[in-house]
Every structure is written in structure tokens, then in C-alpha cells.
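Engineer: I have a structure here, written as C-alpha cells, and I will follow up with some questions on it.
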Amino acid sequence: MAERESCLPYYIAGGFEGIAVLEAATSGLQSAEVSNMESAIEYLHRKQNGGGGSWWYKHIKRAGADSAAGKELFNMKENKHGFEPKTEFTIGGIAFTVIQTGEDWVKCITSECVEERAFDAKNRNDFAASDIRAYLNGEFLRRLIAAGAPEEMFEYFNIDLTADDGLKTYGGDRVRVGLITCEEYRLFREHIPALPNDWWWTATADSPINSFVLYVYSDGSLSNSNACGGNRGVRPLCNLKSEILKSYLSGGYEKQDAPEDQREKAVDMMKHIAAAWDIDAEEVFGRADE
């Protein structure tokens, strides 16, 4: 791990640095769980020891995403198919960039906005109930598949819909295509291609008590807007099975037959076997008009 920076007294208590305690407590947790644990530990540590400010983001910056410490902090695992953060590729005619890696999956965001649209025409800032969610998991996903992207490559993943004010009214959602949350944006920002000419939506509501949704401003800062505002960009987020992705990108992917197609092929093969053994296929499989 990179050498610790000089710390003010309130960063260390009882011989233990707060960052070290945090790292031990959050090992193996998902990003949303890390956020909750981090907030609680940091608050209590600083309150007890009279400090202020955050050492969490200072440590992210210090460790660096390419170091072993940085990967652990970002809850990353080395991908066994060779994908790394910031890797860019095209699927279904759209460029994506890897922002997080697991052993057999990659989380990626579109390198640019794919279009502009309202978060929700009815001004709902709950992503799970929004028009944009329906669009991403319907029309947008179908468009990628129609353009050649393997449907089975898109894994379901969870989105933590904790609002920016900390309220958990909206719970979470499980999707195949989503939007990045503000927490993920903060954690993986250096892996996300900047868009200096665009404003784009996150999945995070400002609060359940209003209709605002947080978005990324052109300078990379976070702001909020009414969910019905239609001039915000859309950057879809996906979790992809890396084995299928690698095969698809190398041109060696073979689409799996649907169950009905597999049955038809199996029956056809059995008919050929029956014919080879001089067995009346209709006695085994019935007449076609029955």
C-alpha cells in the first residue's frame, strides 16, 4: 500500500488509523454496503476524536485505482478474461467503457450519451418506477440484441436507490440495464470517460420528498433537476458476463438456441436415428397433423 500521508491527530486514535479500520471492516462488501459502513465508521471515529473532514476520498486518491490497495478499496477482483478498468469496446454498435471488474464479470457504462430524454414524464424520481428504466430494459436492450449483442451476456444486477439525502424509501431495483448511482460515480469517477459537453442522469433521487434527480454536470460535478426535464443525457450501465463478452469481441461467439429451437433440433435428430434403424418415425413421434 502507498505510504500513509501525514495525518492530523483526529485521524488516529488508540494507535489505529481510521482508514485501516475502515479497510478491515469493509473487506468483501459491495459498493453500496461499503458506503453505509464507511459513513457510520467515519462519523463515529471523527465525532469521538474531535475531527472533521473525510479521509475516505483522500485515501482513494492516495491509493490509486491501479494499485492493489486501490483495487481492494474499489471492491474489484482481477478479471480472469483479461478485462481491466478503462477498457473500451463496442457492443451492438455502441461504445462501452469498463468501470469495475469482477472475476467473471465487468461493469461498464456507455462511453458517451446514447441520447437525451426525460427521466420520467410523470416527474417521478424513483428509478424503479421511471420511464427511463422501462426504456433501458425494453427498447434499448432489444436494440443492442438486434444489432448482434448476445442477450445472455447481460446479467441482472442490483441498484441501490438510496436517495442523496440518505433516505431509503425507494429501496433498490434489479435490472439488466440501469444507470450509475451517485455513490458509484464517486467511487469510479476516474474510470468514467468525462463528457465536457453533456449533462447526464444518474439513478439517484435527490430525496423522496421532492421530484429531483441527480445528474452529472458537464464539468463532472453533481447537480439536480426535475425528473420530467428532457434535456439530460442517458448513459446506460450494464453488468456483462466476461466470458461471453470475450468470445463476442473475438468473433467466436455462437448464439445459444432458444429452448423450442433446441427441442426441434433434438426431435429432428431422433427422426434421423429412427430412419437409420428402419423405425417408422410416426410410430415414435406421432403424425404431424395430430
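The values are calculated or read from the model by the stated rules, or taken from the named source; none is laboratory data. Everything numeric in this text was worked out from a predicted model, so none of it was measured. Cβ atoms come from the backbone with ideal geometry, glycine included; neighbour counts cover every protein chain shown. Accessible surface areas use protein heavy atoms only, side chains included; no ligands, DNA or RNA. Shrake-Rupley method; radii C 1.70, N 1.55, O 1.52, S 1.80 Å.
Engineer: Looking at the range 89-108 only, could you name the residues that are open to solvent by 20 Å² or more (accessible area, probe 1.4 Å), touching a residue at least 24 places away in the same chain (Cβ under 8 Å) and over 22 Å from Arg189 (Cβ atoms)?
Structural biologist: Applying the first criterion (open to solvent by 20 Å² or more (accessible area, probe 1.4 Å)) to the range 89-108 yields 90, 93-95, 103-105.
Within this subset, residues satisfying the condition of being touching a residue at least 24 places away in the same chain (Cβ under 8 Å) are 93-94, 103-105.
Across the range 89-108, the qualifying residues are Gly93, Glu103, Asp104.
Engineer: Separate question: Against the condition open to solvent by 40 Å² or more (accessible area, probe 1.4 Å), touching a helix residue (DSSP H, G or I) at 6+ places or on another chain (Cβ under 6 Å), among the basic types (Lys, Arg) and more than 16 Å from Arg176 (Cα to Cα), how does Lys122 come out, does it pass? Write out each step before concluding.
Structural biologist: On the way: open to solvent by 40 Å² or more (accessible area, probe 1.4 Å): yes; touching a helix residue (DSSP H, G or I) at 6+ places or on another chain (Cβ under 6 Å): no; among the basic types (Lys, Arg): yes; more than 16 Å from Arg176 (Cα to Cα): yes.
In short, no.
Engineer: With Thr169, Thr204, Thr181 as the choices, which residue is surrounded by 15 or more Cβ atoms within 10 Å (Cβ to Cβ), β-branched (Val, Ile, Thr) and over 24 Å from Leu144 (Cα atoms)?
Structural biologist: Matching residue, one of Thr169, Thr204, Thr181: Thr204.
Engineer: Further question on the same structure: What's the number of the only condition in (1) of a type outside the set (A, V, I, L, M); (2) at pLDDT 65 or above; (3) in contact with a helix residue (DSSP H, G or I) (Cβ under 6 Å, 6 or more places away or on another chain) that Lys271 fails to meet?
Structural biologist: (2)
Engineer: Further, regarding this structure: Here are the criteria: (1) over 23 Å from the mean Cα position of the chain (by Cα); (2) modelled with pLDDT of 95 or more. Tell me which single one Asp219 does not satisfy.
Structural biologist: Among (1) over 23 Å from the mean Cα position of the chain (by Cα); (2) modelled with pLDDT of 95 or more, the lone unmet condition for Asp219 is (1).
Engineer: In the range 184-195, how many residues are charged (D, E, K, R) and open to solvent by less than 20 Å² (accessible area, probe 1.4 Å)?
Structural biologist: Going through the range 184-195 one residue at a time, the tally reaches 1.
Engineer: Residues that are open to solvent by less than 50 Å² (accessible area, probe 1.4 Å) and either modelled with pLDDT under 95 or part of a strand (DSSP E or B) (or both): does the range 133-143 have at least one?
Structural biologist: No, because not a single residue in the range 133-143 is open to solvent by less than 50 Å² (accessible area, probe 1.4 Å) and either modelled with pLDDT under 95 or part of a strand (DSSP E or B) (or both).
Engineer: State the number of residues belonging to the range 221-232 that are closer than 24 Å to Val98 by Cβ and either open to solvent by less than 10 Å² (accessible area, probe 1.4 Å) or charged (D, E, K, R) (or both).
Structural biologist: Residues in the range 221-232 being closer than 24 Å to Val98 by Cβ and either open to solvent by less than 10 Å² (accessible area, probe 1.4 Å) or charged (D, E, K, R) (or both): 1 in total.
Engineer: May I ask you to say which residue of Ser111, Ser130 is open to solvent by less than 30 Å² (accessible area, probe 1.4 Å), within 14 Å of Ala203 (Cα to Cα), of a type in the set (Ser, Thr, Tyr) and in contact (Cβ under 8 Å) with a residue 12 or more places away in the chain?
Structural biologist: Matching residue, one of Ser111, Ser130: Ser130.
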